[in-house]
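Colleague: Below you will find the structure I want to go over with you.
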There are 4 protein chains.
Amino acid sequence: MTDLATLNAVPVSTFVAALGGVFEHAPWIAEAAAHRRPFATVTDLFATMRAIAEAAPDGDRLALLAGHPELAGSAARAGAVAPDSLAEQAAAGLDRLSEPEYARFEAMNAAYRERFGFPFIVCVKRHGRASLLDAFARRLAASPEAERASAQAEVFRIAAIRLDALVSGEGPLRTTGRISTHVLDTAAGRPAAGVAVTLHEWVSDERAVLIAGAVTNADGRTDAPLISGRPVPIAAYELRFRIGDHFRKAGPALPEPPFLDIVTLRFGVSDPEGHYHVPLVASPWSYQTYRGS
Amino acid sequence: MTDLATLNAVPVSTFVAALGGVFEHAPWIAEAAAHRRPFATVTDLFATMRAIAEAAPDGDRLALLAGHPELAGSAARAGAVAPDSLAEQAAAGLDRLSEPEYARFEAMNAAYRERFGFPFIVCVKRHGRASLLDAFARRLAASPEAERASAQAEVFRIAAIRLDALVSGEGPLRTTGRISTHVLDTAAGRPAAGVAVTLHEWVSDERAVLIAGAVTNADGRTDAPLISGRPVPIAAYELRFRIGDHFRKAGPALPEPPFLDIVTLRFGVSDPEGHYHVPLVASPWSYQTYRGS
Amino acid sequence: MTDLATLNAVPVSTFVAALGGVFEHAPWIAEAAAHRRPFATVTDLFATMRAIAEAAPDGDRLALLAGHPELAGSAARAGAVAPDSLAEQAAAGLDRLSEPEYARFEAMNAAYRERFGFPFIVCVKRHGRASLLDAFARRLAASPEAERASAQAEVFRIAAIRLDALVSGEGPLRTTGRISTHVLDTAAGRPAAGVAVTLHEWVSDERAVLIAGAVTNADGRTDAPLISGRPVPIAAYELRFRIGDHFRKAGPALPEPPFLDIVTLRFGVSDPEGHYHVPLVASPWSYQTYRGS
Amino acid sequence: MTDLATLNAVPVSTFVAALGGVFEHAPWIAEAAAHRRPFATVTDLFATMRAIAEAAPDGDRLALLAGHPELAGSAARAGAVAPDSLAEQAAAGLDRLSEPEYARFEAMNAAYRERFGFPFIVCVKRHGRASLLDAFARRLAASPEAERASAQAEVFRIAAIRLDALVSGEGPLRTTGRISTHVLDTAAGRPAAGVAVTLHEWVSDERAVLIAGAVTNADGRTDAPLISGRPVPIAAYELRFRIGDHFRKAGPALPEPPFLDIVTLRFGVSDPEGHYHVPLVASPWSYQTYRGS
């Protein structure tokens, strides 16, 4: 990671070498931005790069789209894509597709390219698997004008995340979100410590995969948020709390099985840059949750 | 079903023919009870039959246990058990065991009989599958005195349910429980009608099976309880509410996916004769539940 | 109370004697309605009387307003008004005004009559004291056309309540509302019995008066609703629960003073014919309420 | 305020001048403590002063009690007491007593002194008015041994608060508590900003006095806790939220009066050094609160 102040001072070539990969195969954007230094904030830097891209001739803007790698495509598999894209696709599990899934993606990619003349581009870090498939299908049916705009918007989202990971300094970009929780015992009137919590993502209507786990501390919270420092993928999630174990230790004898043993809070994230605080406020016989601040 | 008043009046043989199957292969209990008529309430009738059984010589009481069919055993499979037992075991899915499961049950039955001298007896209607397996394992390790008592207690539970299904009248037995729910929309301040609700039983730590489904009426309730008229099997359950569909229709535009789409309420039932009212009190961004009355 | 079927059959004079007071000093409405018998439901009977009044010549309709007694006016004090009106004004405490208050009402009555040519008419049973004063002030500033309509609407509301009290039968009028509650102990997982509950009405921003009191039964409810069988006056109310006394008895030692001792639920009623079920769902350290069904 | 490091270094006389008033009319404790420097933490310093007092001869310990000023007594009124005590009594409104109240306090003081031989000593900052009167009456009836201990314990509580106000540094004393809140709108799924909140103390069963007020910020919280930096007096409190104003602005048309207009949360504080976070989580038709962390 480089400091903005440093980037403001280095030679153009160093600047371009540092930020050339922010826009896939399009270092001319970084080149043009280098000549508009200095930047007061990272946000300004990004806004400038974005404006440069938006003001470019149509052919260059189209090339920005056409040069983007296929989603989970042969190119990605073969390693012939820029390192950032490979990392992003891996995060969505798109590097671990089964043969049928892979064939499906290839077919969708081909259909999309056929229809629009450029690859399907999406900021995969902002989508869970189900959301990704939904978006692909939905956008495949959109008009060419709409897709030019959608694809370009996605290129900017990808670029913003990459830039945020490369440059530190004043006025950072808002590219990360958070999922956090806390557990409160309303029978005892205090936080519930030592409760095992797991976070799962519903990757399809029938299957949920484990994302993170933690045990609540003395304040009833987890030492770190369950997701933070990255966009929260658009998806349905589920928090599972082994609250029965807590009540077995904490209070008067409860029946077996207890009314509340494993409590599940299922919720949807639509805003990858949002903060989702989803607490569990519980007694052995009741609980509540809400989207908190 | 026969009326208590009628049973009080019929000849002994008719009485015995009607109630002889209440205790497996032991019509002598009904025979003795016939001579203690009339009974003011069904509860009195049962109490008398129970007292007759408890006061019988040890050999007769042991025979009451020995004569009980194996749980999912060859006898049950072959249809060579009294009709009530077959029906009860079917309810717990014990007539649909796979070969490995069947072999396991046979082995456990043999081990139990070997240890205690009578079959493993449990009122299967009061247990979900997981609870049944737990009970089997737990009781296999108990002392002979404890098991004489447990087995006899189960015989009485089975008998109570059978009697309750055979005789109507004053002072009925409390042998049935209930699971019910209602849905309240706290953003609108009124019941949520038209919400699809399903009830599932966790038959193992990983698998939940659909038990019942309904759609809430204008009062936010289901026309009938989700379980009623029978004991509620001891198990972990899950109510699933498609509350997202309700909020999509009911109010201002919400994001996709919505914060609340499918809400799951997972709870344990430990009292088969209990009333479990588990409501969902929800806004698009919060919900609560509690064991209600 | 007379049965609708009976009223359908009696001579016209008997009918008029029974229902002549439904519209203040205007028995011609009952007279005309008598000739349109029989009525299938009480609702039909009222609809007919209403239609007769609405279709009458303007002079008659104005007389219907002019003949109505002053609110808490000299006439009412002197007892020179129809018995129903006196009873209605007493219910709102308007027969117990202090001299300054009385003088104020007289002044407002005079101003209203001066402006509109008929007395201020309002169905007092549907308003708490604060709401009544608000309505008086608000309507005093309305246009003559609006007030002709408002006053007539109030005459019909008053008539509906009187008819509902006089005639029983199929298809009753909806003229009554309800305030009810129940108390649930979420630490114990069952209803809280024996809890003292009082209902108060805020008659001004600083003063609340006791309306009703009860103790919860074994089901956590009060044997009868706190208000029922009459319209619930438009007002701000407050339920007070001595829940601290319950938790002192029910569970583990709590500090003094306890976190929850007297819990107050303050809520507004805008619909006198509505059902307001306002429960208290509480543990020693938390509680919730909502408008329930 | 002086830094602990500084106090550790100054001459004994300076140390005594700074801390001599921590124990009323007993600078010998500070004198003895000066000779046990240096202290690593403020807590150690206090513990040492306390140990010195506890180890003193009975006569000195009794003098520590006897030298303490009367509660709201003539001495206090006449200003003949050490400045800290005057400030403390003013905080509890004991300097604004009416004549009858004053006479009552004088009588109770006299009765107490008569019975026990020293004045009634209580850390008034830790008690609301009602709690103070309760404590006075309760302790008046206690045994002499119990009161020697209670009075001495109160002297130490008073001393701890005074020392905490005089000395800053490592390992501070825990002598302050907090009352805070936040408001969450569960219909909109975000904090409720701009809500007027007031905190009141119930000084008697019928009268509540305003303690603090604030308006919630963008995060639904008040910029500072409603009480902080001092012990929270043992009392019953009430938070009042003008939530109706918020919902009128925020959402779809609601009836008048709204179901929720002014919401009151009444709760008790038993631990003056505790943190009482009492949030309001509300929709227009429901709300919850709990003792949070």
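Colleague: For residues in the stretch C:256-267 being in a strand (DSSP E or B) and facing another protein chain (nearest Cβ under 8 Å), which is nearest to C:Ser228 (Cα to Cα)? Explain how you work it out, then say what you get.
Modeller: Taking the stretch C:256-267 as the starting set, the residues that turn out to be in a strand (DSSP E or B) are C:263-267.
This time we only want the ones that are facing another protein chain (nearest Cβ under 8 Å), so: C:263-264, C:266-267.
Numbers: C:Val263: 23, C:Thr264: 21, C:Arg266: 19, C:Phe267: 17 Å.
The extreme case among them is C:Phe267.
Colleague: Tally the residues that are over 25 Å from C:Phe120 (Cβ atoms) and surrounded by fewer than 19 Cβ atoms within 10 Å (Cβ to Cβ), restricting the search to the stretch C:22-50.
Modeller: 12
Colleague: Among the residues of the stretch D:165-179, are any in contact with a Ser or Thr (Cβ under 6 Å, 6 or more places away or on another chain) and under 30 Å from B:Asp185 (Cα atoms)?
Modeller: Scanning the stretch D:165-179 turns up no residue that is in contact with a Ser or Thr (Cβ under 6 Å, 6 or more places away or on another chain) and under 30 Å from B:Asp185 (Cα atoms).
Colleague: Now a separate question. Looking at A:Ala146, A:Ala142, A:Ala137, which one is closer than 20 Å to A:Leu64 by Cβ and not in a loop (DSSP other than H, G, I, E, B)? Write out each step before concluding.
Modeller: On the way: A:Ala142 fails: not in a loop (DSSP other than H, G, I, E, B); A:Ala137 fails: closer than 20 Å to A:Leu64 by Cβ.
Only one candidate qualifies: A:Ala146.
Colleague: Taking into account only those residues within the stretch D:1-21 that are part of a loop (DSSP other than H, G, I, E, B) and modelled with pLDDT of 95 or more, which is surrounded by the fewest Cβ atoms within 10 Å (Cβ to Cβ)?
Modeller: Among residues in the stretch D:1-21 that are part of a loop (DSSP other than H, G, I, E, B) and modelled with pLDDT of 95 or more, the one surrounded by the fewest Cβ atoms within 10 Å (Cβ to Cβ) is D:Pro11.
Colleague: Would you mention how many residues in the stretch D:189-231 are touching a helix residue (DSSP H, G or I) at 6+ places or on another chain (Cβ under 8 Å), of a type in the set (A, V, I, L, M) and at pLDDT 95 or above?
Modeller: Residues meeting the conditions: 3.
Colleague: Give me the pairs: first residue in the stretch A:162-173 and in contact (Cβ under 8 Å) with a residue 12 or more places away in the chain and within 17 Å of A:Pro38 (Cβ to Cβ), second residue among the hydroxyl-bearing types (Ser, Thr, Tyr) and in a helix (DSSP H, G or I), beta-carbon distance under 6 Å, and six or more apart or on different chains, which are they?
Modeller: These pairs meet every condition: A:Gly171/A:Thr43.
Colleague: For the list (1) more than 7 Å from every other protein chain (Cβ to nearest Cβ); (2) of a type in the set (A, V, I, L, M, F, W, C); (3) under 20 Å from the mean Cα position of the chain (by Cα), I need the number of the one condition that B:Ala236 fails.
Modeller: Just one mismatch for B:Ala236, condition (1).
Colleague: How many residues does the stretch A:266-286 hold that are in contact (Cβ under 8 Å) with a residue 40 or more places away in the chain, in contact with a Leu (Cβ under 7 Å, 6 or more places away or on another chain) and either surrounded by 24 or more Cβ atoms within 10 Å (Cβ to Cβ) or hydrophobic (A, V, I, L, M, F, W, C) (or both)?
Modeller: 5
Colleague: Within the stretch C:240-252, can you find the residues that are surrounded by fewer than 24 Cβ atoms within 10 Å (Cβ to Cβ) and more than 12 Å from chain A (Cβ to nearest Cβ)?
Modeller: Of everything in the stretch C:240-252, those that are surrounded by fewer than 24 Cβ atoms within 10 Å (Cβ to Cβ) and more than 12 Å from chain A (Cβ to nearest Cβ) turn out to be C:Arg240, C:Arg242, C:Gly244, C:Asp245, C:His246, C:Arg248, C:Lys249.
Colleague: Another question, then. In this structure, does C:Val232 turn out to be touching a Gly at 6+ places or on another chain (Cβ under 7 Å) and in contact (Cβ under 8 Å) with a residue 24 or more places away in the chain?
Modeller: Working: touching a Gly at 6+ places or on another chain (Cβ under 7 Å): yes; in contact (Cβ under 8 Å) with a residue 24 or more places away in the chain: yes.
Against the criterion (touching a Gly at 6+ places or on another chain (Cβ under 7 Å) and in contact (Cβ under 8 Å) with a residue 24 or more places away in the chain), C:Val232 qualifies.
Colleague: Now for a separate question. Inspect all residues belonging to the stretch D:179-191 and state whether any of them is of a type in the set (Lys, Arg) and under 18 Å from the mean Cα position of the chain (by Cα).
Modeller: no
Colleague: Does the stretch C:57-67 hold any residues that are of a type in the set (Gly, Ala, Ser) and free of Cβ contacts under 8 Å to residues at least 24 places away in the same chain, and which are they? Explain how you work it out, then say what you get.
Modeller: Of the stretch C:57-67, the ones of a type in the set (Gly, Ala, Ser) are C:59, C:63, C:66-67.
Residue satisfying the conditions is C:Gly59 alone.
Colleague: Could you check how many residues of the stretch D:268-293 are under 15 Å from D:Val197 (Cα atoms) and either assigned to a loop (DSSP other than H, G, I, E, B) or within 8 Å of another protein chain (Cβ to nearest Cβ) (or both)?
Modeller: The total comes to 4.
Colleague: Follow-up question, since we're still on this one. Can you tell me which of (1) modelled with pLDDT of 95 or more; (2) more than 30 Å from D:Ala130 (Cα to Cα) is the one D:Asp271 doesn't meet?
Modeller: D:Asp271 satisfies every listed condition except (2).
Colleague: When the stretch A:152-196 is examined, which residues are found to be in contact with a strand residue (DSSP E or B) (Cβ under 8 Å, 6 or more places away or on another chain), charged (D, E, K, R) and away from chain C (no Cβ under 14 Å)?
Modeller: A:Arg178
Colleague: Could you check, for the stretch C:229-243, whether at least one of its residues is assigned to a loop (DSSP other than H, G, I, E, B) and closer than 16 Å to C:His182 by Cα?
Modeller: From the stretch C:229-243, those assigned to a loop (DSSP other than H, G, I, E, B) are C:231-233, C:242; that's our starting set.
Cutting the leftovers down to closer than 16 Å to C:His182 by Cα gives us C:242.
Yes, the stretch C:229-243 contains at least one residue that is assigned to a loop (DSSP other than H, G, I, E, B) and closer than 16 Å to C:His182 by Cα.
Yes or no, residue by residue, for (1) under 28 Å from B:Asn217 (Cβ atoms); (2) among the basic types (Lys, Arg):
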{"site": "C:Gly220", "(1), (2)": "yes, no"}
{"site": "C:Arg240", "(1), (2)": "no, yes"}
{"site": "C:His246", "(1), (2)": "no, no"}
{"site": "C:Pro252", "(1), (2)": "no, no"}
{"site": "C:Phe267", "(1), (2)": "yes, no"}
{"site": "C:His277", "(1), (2)": "yes, no"}
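Colleague: Right, another one. Hey, could you check the stretch D:199-222 for residues that are under 18 Å from D:Val281 (Cα atoms) and not in a strand (DSSP E or B) and say which is nearest to the chain's Cα centre (by Cα)?
Modeller: Filtering the stretch D:199-222 for residues under 18 Å from D:Val281 (Cα atoms) gives D:199, D:214-222.
Right, trim to not in a strand (DSSP E or B) and you get D:216-220, D:222.
Working: D:Thr216: 24, D:Asn217: 26, D:Ala218: 30, D:Asp219: 28, D:Gly220: 26, D:Thr222: 20 Å.
Going through the qualifying residues, I end up with D:Thr222.
Colleague: Still on this structure, I have one more. Just one of B:Ala151, B:Ala146 is surrounded by fewer than 19 Cβ atoms within 10 Å (Cβ to Cβ) and more than 30 Å from B:Ile262 (Cα to Cα); which is it? Reasoning before the result, please.
Modeller: Details: B:Ala151 fails: surrounded by fewer than 19 Cβ atoms within 10 Å (Cβ to Cβ).
Going through B:Ala151, B:Ala146 in turn, the sole match is B:Ala146.
The values are calculated or read from the model by the stated rules, or taken from the named source; none is laboratory data. None of the values given here were measured: they were computed from a predicted structure. Note that each Cβ is placed from the backbone with ideal geometry, even for glycine, and that neighbours are counted across all protein chains shown.
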